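Heads up: the structure comes next, in structure tokens.
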Amino acid sequence: MKARTLVLLAFSLGSFGAFGCGAPQSREARPAPGEEPIETASLPDEDVVPLEPETATPRAPASERPCSWAQAWSDPSTPDPLLAGVGGTPNPERVAESPIRLPIREPAPEGEISVEIVVLPDGSVSEAAVVSTTDPPWPEAEAAVVESVKTWRYEPPTLGGTPIAVCATIVVRP
């Protein structure tokens, strides 16, 4: 039995170039090294248009703001609160807390009390508001939770090294 050898030849097909890559080759001469055109150029002074100063970023509508109820939105000295845990905004880390002293109620209501808080750039809680409550409502416990969380301290929140105000939610199960 004879072994057959198969030889594969590559051909240059005109516009496909020397290696048949499929991309048409330019017929224009390429500049020599060091003679390449410069892609960027400076404009004469009279053609430079000065940029307008940036205007303040408009605030989101109140219905779309985190902690939309908060007075922080109307205080120009406080940065707008960002929603904790969203878009790289850190969750605040509690460093000091006072215990929540709930009044006794029999039978104890079922559910949980959710409180939104605004943590300022210094780590203090400036505001707190109940956003959902037990069933049936328990106003005494709600007031105790709000009073207590306002005394808590957090690691000052930062984003990219810049101090920020953060809106977070605290959930208490009585």
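No value in this document is a laboratory result; all are computed from the given coordinates. The shown structure was predicted, so the numbers you read here are calculated from the model rather than taken from an experiment. Cβ atoms come from the backbone with ideal geometry, glycine included; neighbour counts cover every protein chain shown.
A compact table of results
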item	result
Gain on full stretching of the segment that runs from R94 to A108 - 0.36 nm per residue minus C-alpha separation	2.3 nm
Virtual spin-label span in nm between E140 and T162, 7 Å along Cα→Cβ	4.7 nm
T169 paired with A129, simple spin-label distance in nm, labels 7 Å along Cα-to-beta-carbon	1.5 nm
